[in-house]
Amino acid sequence: MNKPLAMHIVHSRVPRFTLLPLACTTLLLGACGGLSQAVAPMAVADTECAQVIDNGSVVVGSGLPGDPSAPEPASGYRTKNLVTAKTYMVVSANPYASKAGCEVLKKGGSAVDAAVAVQMVLGLVEPQSSGLGGGAFMLHYDAKTKKLESYDGRETAPAAATPDYLRTISATDSAAPLPVVSAPESGASFNLLRQSGRSVGTPGAVRLLEVAYKDHGSLPWKDLFTEASALASNGFPISGRMALAIEGTKALLKTDPEAAAYFLNADGSARALGSVIKNPAYAATLNSLASSGADALYTGAIAQNIVNKIKMTRGGSPSFAITPGLTELSDLANYQAKKRDPVCTTYRSYWVCGMGAPSSGGITVASTLGMLENFDLAGYKPTSLDINGGKPNVMGVHLVSEAERLAYADRNKYIADTDFVALPGGSTAALLDKTYLRSRASLIDVSKSMGTASAGVFPAPTALGRSVAEGNGTTHMTIVDKQGNVVVMTTTIESGMGSFRMTNGFLLNNQLTDFSVLSSDASGAIANSVAANKRPRSSMAPTLVFKKNADGSMGDFVMGTGSPGGATIIQYVVKTLVGVLDWGLNAQQATSMVDFGAANSATTNVGGEHPNVNSSSPSGGLAGGNDALVTGLRALGHTVSVNAQSSGISTIVKVSNASGSVLEGGADPRRDNITLGDTFKP
C-alpha cells in the first residue's frame, strides 16, 4: 500500500488504540518490506468494534497483523470463526462498512442509524454490488414495542414506460434497444440491454433509508455519513472482489467515460487489487445528503445528472449508439419508498418473517418452509460437523431442493408487484395456506427428484408469471443495536457494476432487466412485465425469526439473516434457516455450510467452492463424481451442478449460554463479510 493510505490510517479516529509511529506503521503497511515481515501485534485494541484474533484484537483499517481490511485476492472460500458479542453487532459484506456501523452502535445509535452508515460505506468500497444508485428492502424490529415493519425501496420504471419498453425502441421502431449485436427471438439480449438507458430504474435505497431513519433514527442524520465521506476523500485499498469485478467488466465500463476514468487506469487496464482509490465526487454527494437529506439525490443537480446519464445516446470507445431511457426529473421527485406488511408465517416452534411483493423472497422462503414442515428434517442433520457446517445429508438436501422447486414454480407464475398484479386470492394467504402447502409437500417423492415442478392451481388465476435472470450485484447486512432493535437489509444495483453508468461518484442500477422483456406469451399476460411506475420482481429475502409463544403469538427475537445472489438468494436463506432451526447449527456454521438448493429446473446446486465438497471429476466422469453428497443426489435423479456459489450471507442469532443472553454472528466465507460488535471470547 502507498503513503496516502498510511496517512489515512494514522489520522483515523481509533479510540482506545495506541498507534505506532509513522515509520513503523508504514513498515506494517508494506512500504518497508511488506506486511508478511511484520512482527507480532505491537498494540491491542479494545474488543469493541475490533476483530478478535488469537492474541488480542485489531482495529479495521489499522494495517496491523490480522487487519481484516488488508486486501487479498478474491477467493472462493475462507474459513471464518464464530463471533460472540454482548449487546450489539453488525455483519456486513465489507470490513470498512461493518466498522462504520459498529462505531455508530458503540455510540448508542440505533440499528437504522448503523444501516445508513453501513450502506454509505458499501456504496464506496463495494460499488459493484450496491449503492446510492440502487434499491433495497429492509425489515425492522422494534424491541420495545415488539413491532415489525418492512420498507420497500425497490426501483421503479419511469412514468413513460410501456409494456414494450425493454423490447423495442419505440411504438414506431420495433428494433431492440441499442446497443445490440444480434436480436434473439425474444427481442433483446440481457447483457446488451443493461447497457441501454432502458435498464435503469429510479433509485430507491436512499429514500428508504431516510424513511426508516425518520421512524427509528437516534443519532443526528448528518453524523451517519462521516466515515464514508472520510474514506472517499482519503482513499481506500481496492478489495479482491472489487478488483475482480473491475477486471471482469473493464470493456463494458467504457460505456461511460466517467465510470471508465474512475475504475480504469489511463491505458484502459483495470485498477489493481490493493491500489488506493479516492472518490471526491462521492464525498461531495454524501456531504449533500448529510446536509439536505434524501432530497439532495431526488431533486436538483444530482437528480439532473442521473437523468442525463439515463438519457445518454452514445457511449463506449470507440463510440456506439445507445437507446436512451425515458426517465425524467419528475420520476425522481415523485419516487416513494413504501412501508408494507411483512410476510410472517409459523415454522415449527418459530415465526419466520420476510419481505412481501414486489420481492418474491419472503413468500418463496415461507412457502418452502411450509412444505418442509411436513418432514422430519431434524433427522437429516449434516455429518462430520465443523465450523464450516459439516457435510450435508443427501436426504436433507433432496427434501429442501424439492420443496424449493415447488415454491419457485408458484413464484414464477404468480408473484410480481402487487400494486399492479394481485396475488391469488388478493393476499399471501392462499399461497401460504398450511393445507395448500401440505398438498404441495405430498408431491415430493423421497426416492426421486421431480426435476421440474408445476405451479399450483388457484381459482381464477391472475396471470402467467415468467422467470427472468437476476444479477448478482447485491449485498446484505444484519444489525442488532444495544436496545435489541434489529435491521435486516438487502440492497442492490442488480448486476455487477449495474448499468456501467456513473454520476456524482456512484453507479446507476440496471434493475429494470428484472422485468420480463415480453408482456405476454401464448398463455396470456405475464405478471412481471413492465409498466409505468411498476417495481420489478426481486428475490431479495431479508429475514427475521422469532420464538413462537405457547399461545401461538410472536415472541422474542431469535435470528436475522439474508444474502445477495440473484434468484438463488432464496436458496441461501432457506439453507441458513434450516441449518439453525432444524439442525441446531450456530450462526457461523449455518452461514458457512455448503450452499445447496434448486430453482424450478432439473439442476440442483451444490457449492463446489466449499472445502467439504469434492468437486473433482473421476476419469471420464462428471464433476463431483468423487463426492458422496453429489453422487447420492444423482442417484435420486438430480442433475447436480458443483459450480461455485457466491452467497454473501450475514447472520446474527441470539442465544443463551453461560454468559447469559448473547449475540452470535456468522459472516459468509465466500465474500469479504465480517462481524463486529462489543465482542468477546466466551
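The values are calculated or read from the model by the stated rules, or taken from the named source; none is laboratory data. Given the structure is predicted, the values throughout are model-derived calculations rather than measurements. Methodologically, a virtual Cβ is constructed for each residue, glycine included, from the backbone with ideal geometry; neighbour enumeration extends over all protein chains shown.
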Within segment 269-282, is there a residue that is modelled with pLDDT of 95 or more, hydrophobic (A, V, I, L, M, F, W, C) and assigned to a helix (DSSP H, G or I)? yes
Select from segment 618-634 the residues that are free of Cβ contacts under 8 Å to residues at least 40 places away in the same chain, closer than 26 Å to Thr452 by Cβ and surrounded by fewer than 19 Cβ atoms within 10 Å (Cβ to Cβ) and list them in ascending order. Gly621, Leu622, Ala623, Gly625, Thr631, Arg634
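Hey, could you check segment 599-630 for residues that are of a type in the set (A, V, I, L, M, F, W, C) and under 29 Å from the mean Cα position of the chain (by Cα) and say which is nearest to Glu470 (Cα to Cα)?
My answer is Ala599.
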Restricted to segment 50-67 and to residues being in a strand (DSSP E or B) and not hydrophobic (A, V, I, L, M, F, W, C), the residue surrounded by the fewest Cβ atoms within 10 Å (Cβ to Cβ) is Gly56
Which residue out of Ala407, Ala422, Ala469, Ala441 is within 30 Å of Ala136 (Cα to Cα) and modelled with pLDDT of 95 or more? Ala407
Within segment 654-682, residues being surrounded by 24 or more Cβ atoms within 10 Å (Cβ to Cβ) and basic (Lys, Arg) number 2
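Being hydroxyl-bearing (Ser, Thr, Tyr) and surrounded by 24 or more Cβ atoms within 10 Å (Cβ to Cβ) is the requirement here; does Thr327 meet it? Talk me through it step by step, then tell me what you get.
Numbers: hydroxyl-bearing (Ser, Thr, Tyr): yes; surrounded by 24 or more Cβ atoms within 10 Å (Cβ to Cβ): yes.
Against the criterion (hydroxyl-bearing (Ser, Thr, Tyr) and surrounded by 24 or more Cβ atoms within 10 Å (Cβ to Cβ)), Thr327 qualifies.
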Report, ordered by the first and then the second residue, all pairs with beta carbons closer than 6 Å, sequence separation of six or more or different chains, a first member in segment 283-310 that is at positive phi and outside any helix (DSSP H, G or I), and a second member that is modelled with pLDDT under 95 and surrounded by 19 or more Cβ atoms within 10 Å (Cβ to Cβ). none
For segment 348-355, state whether one or more residues are outside any helix (DSSP H, G or I), crowded, with 24+ Cβ neighbours inside 10 Å and β-branched (Val, Ile, Thr). yes
Name the single residue that is nearest to the chain's Cα centre (by Cα) among those in segment 247-286 being under 22 Å from Val121 (Cβ atoms) and among the β-branched types (Val, Ile, Thr). Thr249
Filtered residues of segment 588-647 (kept if within 24 Å of Ser92 (Cα to Cα) and in a helix (DSSP H, G or I)): Gln588, Gln589, Ala590, Thr591, Ser592
Would you be able to tell me the number of residues in segment 648-682 that are over 15 Å from Asn81 (Cβ atoms), in a strand (DSSP E or B) and touching an Asp or Glu at 6+ places or on another chain (Cβ under 6 Å)? 2
Residue check: is Thr591 of a type in the set (Val, Ile, Thr) and buried (at least 24 other Cβ atoms within 10 Å of the Cβ)? yes
Residues of segment 643-682 being under 22 Å from the mean Cα position of the chain (by Cα), of a type in the set (A, V, I, L, M) and farther than 13 Å from Val480 by Cα, which ones? Ala644, Ile649, Ala667, Ile674
Only one of (1) farther than 29 Å from Ile674 by Cβ; (2) buried (at least 18 other Cβ atoms within 10 Å of the Cβ) does not apply to Ala243, and that is (1)
Reported set for segment 311-323 where residues are touching a residue at least 12 places away in the same chain (Cβ under 8 Å) and assigned to a loop (DSSP other than H, G, I, E, B) is Lys311, Met312, Gly316, Ser317, Ile322, Thr323
Can you confirm whether Ser367 is part of a helix (DSSP H, G or I), touching a helix residue (DSSP H, G or I) at 6+ places or on another chain (Cβ under 7 Å) and among the polar types (S, T, N, Q)? yes
The number of residues in segment 547-565 that are in contact with a Gly (Cβ under 6 Å, 6 or more places away or on another chain) and either in contact (Cβ under 8 Å) with a residue 24 or more places away in the chain or under 15 Å from Phe596 (Cα atoms) (or both) is 3
What do you reckon, is Ala281 within 30 Å of Arg78 (Cα to Cα) and either in contact with a helix residue (DSSP H, G or I) (Cβ under 9 Å, 6 or more places away or on another chain) or surrounded by fewer than 16 Cβ atoms within 10 Å (Cβ to Cβ) (or both)? no
Result of the Cβ filter at 7 Å on segment 70-98, keeping first residues that are at pLDDT below 95 and partners that are of a type in the set (Val, Ile, Thr) and not in a strand (DSSP E or B), at least 6 apart or interchain, is Pro71/Ile238
Hey, can you tell me all the residues within segment 324-345 that are part of a strand (DSSP E or B) and either touching a Lys or Arg at 6+ places or on another chain (Cβ under 6 Å) or basic (Lys, Arg) (or both)? Lys338, Lys339, Arg340
Scanning segment 72-109 for residues that are in contact with a Leu (Cβ under 7 Å, 6 or more places away or on another chain) and of a type in the set (A, V, I, L, M, F, W, C), the one farthest from Leu244 (Cα to Cα) turns out to be Ala85
If you check Leu192 against the conditions, is it in a helix (DSSP H, G or I), more than 16 Å from the chain's Cα centre (by Cα) and modelled with pLDDT under 95? yes
Considering every residue within segment 589-598, establish whether at least one is among the small types (Gly, Ala, Ser) and within 18 Å of Gly370 (Cβ to Cβ). yes
Taking the conditions exactly as written (of a type in the set (A, V, I, L, M) and farther than 15 Å from Asn485 by Cβ), does Ala115 satisfy them or not? no
Kindly list the number of the only condition in (1) within 30 Å of Ala455 (Cα to Cα); (2) touching a residue at least 40 places away in the same chain (Cβ under 8 Å); (3) surrounded by fewer than 24 Cβ atoms within 10 Å (Cβ to Cβ) that fails for Asn643. (2)
For segment 574-587: of the residues being assigned to a helix (DSSP H, G or I) and aliphatic (A, V, I, L, M), which is farthest from the chain's Cα centre (by Cα)? Leu581
Look at segment 545-575 and say how many of its residues are farther than 16 Å from Ile363 by Cα and of a type outside the set (D, E, K, R). 13
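Kindly provide the set of residues from segment 310-324 that are crowded, with 22+ Cβ neighbours inside 10 Å and either of a type in the set (A, V, I, L, M) or under 17 Å from Ala161 (Cα atoms) (or both), ordered by number.
Ile310, Ile322, Thr323
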Pairs with Cβ under 9 Å, 6+ apart, first in segment 212-236 and over 15 Å from Lys107 (Cβ atoms), second among the β-branched types (Val, Ile, Thr) and surrounded by fewer than 22 Cβ atoms within 10 Å (Cβ to Cβ): Asn234/Val276; Gly235/Val276; Gly235/Ile277; Phe236/Val276; Phe236/Ile277
